[in-house]
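In what follows, a single structure is set out as structure tokens and then discussed.
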There are 2 protein chains.
Amino acid sequence: MKKSIGSKALIYPSPVWCVGSYDTNGKPNVMTASWGGICCSKPPAVTISLRKATYTYHSIMETKAYTISVPSKKYAREADFFGLTSGKKTDKFRETSLTPTRADKVHAPYVEEFPMVIECKVIHTVEIGSHTQFIGEILDVKIDEEILGEDGIPEMLNISPILYAAESRNYYGVDGYIGNAYNLGKSIKRQLK
Amino acid sequence: MKKSIGSKALIYPSPVWCVGSYDTNGKPNVMTASWGGICCSKPPAVTISLRKATYTYHSIMETKAYTISVPSKKYAREADFFGLTSGKKTDKFRETSLTPTRADKVHAPYVEEFPMVIECKVIHTVEIGSHTQFIGEILDVKIDEEILGEDGIPEMLNISPILYAAESRNYYGVDGYIGNAYNLGKSIKRQLK
């Protein structure tokens with residue numbers, strides 16, 4: 001028997017992705033987003049939806065470019081932190097000691113230490129309500145060389161991506177529970193004070 | 001060191017969702033889709049992208065409504081089958097002995113046996129290329145009563161959703177590898193012949 005829990009932005013699985021962009025001064029920034037997904041095969045394209053209040057929103061509106069770095073489970077703490085603070089006042093790369101690498105195909109940085117990276121050029125922008133959807137053509141996919149299979153394709157278990165459960169605000173991996181969202185990264189945030 | 005594997009519709013994790021719709025004769029149909037994701041919080045909204053060649057595309061263009069039923073791992077075989085055949089010639093509910101239940105808020109059916117269901121009304125349609133993106137406002141979320149937590153929120157591990165790895169064409173769960181995409185459902189398809 002099904003029970004209605006109302007009208008909510010809730011479906012499983014939702015991803016945990018880290019969206020990289022340069023601000024108007026060229027400073028690299030990264031924020032965590034779960035509202036997105038592949039939306040086309042030809043051209044290959046992926047969406048991310050952001051609130052206008054985010055610093056990243058304004059950067060992408062300017063540059064029309066972003067990357068998605070897929071954090072592996074071992075970077076859950078850093079990925080959570082990227083969602084806890086704004087790039088307007090914090091250099092999130094410096095605070096996490098992670099490395100911003102300039103993408104090859106677009107004007108945006110990615111997180112060098114994360115195993116999977118997508119480089120995107122904005123081809124559509126859709127105003128939906130609280131969120132603006134950016135549809136980005138995927139110009140390149142990059143993978144850590146050591147985890148590519150013999151077929152040149154990355155194995156899911158080696159990427160070890162993170163899933164987000166909205167409402168209960170938990171993270172999961174492809175091998176079970178990881179931890180609390182909006183909490184794991186607080187240890188990094190506290191160091192800022 | 002990162003290696004470029006080119007411009008591909010590939011990012012982890014991508015979901016395995018079963019999209020329910022009625023055709024113009026009111027016949028329930030369901031197809032599997034991985035190109036989608038949440039795209040807005042207010043109103044809550046989710047995208048799915050479909051090729052025009054699919055039977056479901058035409059149904060949704062007509063009804064402006066769809067459901068997403070989230071299969072749990074134990075229904076991986078049925079979910080795979082839903083992507084192997086067209087509703088134009090096959091009654092996929094009958095062949096799998098799964099139950100089409102009429103949604104409460106929109107004119108579309110969902111898969112009764114799957115643990116999580118989203119009812120959506122189309123609010124935007126975006127032509128991207130090979131795929132048309134439907135943006136659906138989420139009018140209701142339904143969960144199997146027995147797996148709701150005390151907080152009224154479903155636990156990810158109880159829903160046990162399926163992830164799709166494009167390119168390598170494999171399915172994974174929140175507890176590891178499940179099986180080959182475009183293969184698991186063949187045992188059902190063979191029975192049709």
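General observations
- Alpha-carbon centroids, segment A:172-193 and segment A:1-62: separation in whole Å: 19 Å
- Sites residue B:112 and residue A:186, calculated FRET efficiency, Cβ-Cβ separation with R0 41 Å, nearest 0.05: 0.50
- A cut-off under 13 angstrom between Cβ atoms defines the neighbours of residue B:58, and their net charge, with Lys, Arg +1 and Asp, Glu -1, is +3.
- Chain B holds its axis-closest Cβ, relative to the rotation onto A, at the residue and whole-Å distance B:37, 1.
- Per-residue SASA entry for residue A:131, accessible area with 1.4 Å probe, Å² rounded to 10: 10 Å²
- Here the label points at residue A:175 and residue A:74, each 7 Å from Cα along the C-beta direction, are separated by 1.1 nm in the simple model.
- Between residue B:27 and residue A:89, the simple label model (points 7 Å from Cα in the Cβ direction) yields a spacing of 6.0 nm.
- For residues of A:25-37, the mean tally of beta carbons on other chains within 10 Å: 3
- Residue-averaged [θ]222 nm for the protein assembly as shown, counting only DSSP H segments that reach four residues, each worth -39500 (n - 2.57): -4000 deg cm²/dmol
- The label point for residue A:150 and the one for residue B:157, both projected 7 Å from the Cα toward the Cβ, are 3.5 nm apart.
- Per residue, in Å², the accessible surface of chain B once ligands and nucleic acids are set aside, probe 1.4 Å: 38 Å²
- Nm distances between copies for residue A:24, ranked from closest, using label points 7 Å along Cα→Cβ: 5.2
- When the convex hull of its Cα atoms is viewed from all sides, segment B:70-109 shows a mean projected area of 3.3 nm².
- Shape call, chain A: gyration tensor on alpha carbons, a/c limit 1.5: rounded
- Average beta carbon contacts from partner chains per residue of A:144-151, 10 Å cutoff: 2
- Entries in A:186/B:3; A:52/B:8; B:64/B:105; A:2/B:105; A:189/B:42 that, when Cα-Cα distance is taken, lie over 22 Å: A:186/B:3; A:52/B:8; A:189/B:42
The values are calculated or read from the model by the stated rules, or taken from the named source; none is laboratory data. Bear in mind that the values here come from a model prediction, so they are computed numbers and not experimental data. Note that we place each Cβ from the backbone using ideal geometry, even for glycine, and neighbour counts take in every protein chain shown. Side chains are part of the model used for accessible areas, which takes the heavy atoms of the whole protein and leaves out ligands, DNA and RNA. Shrake-Rupley method; radii C 1.70, N 1.55, O 1.52, S 1.80 Å.
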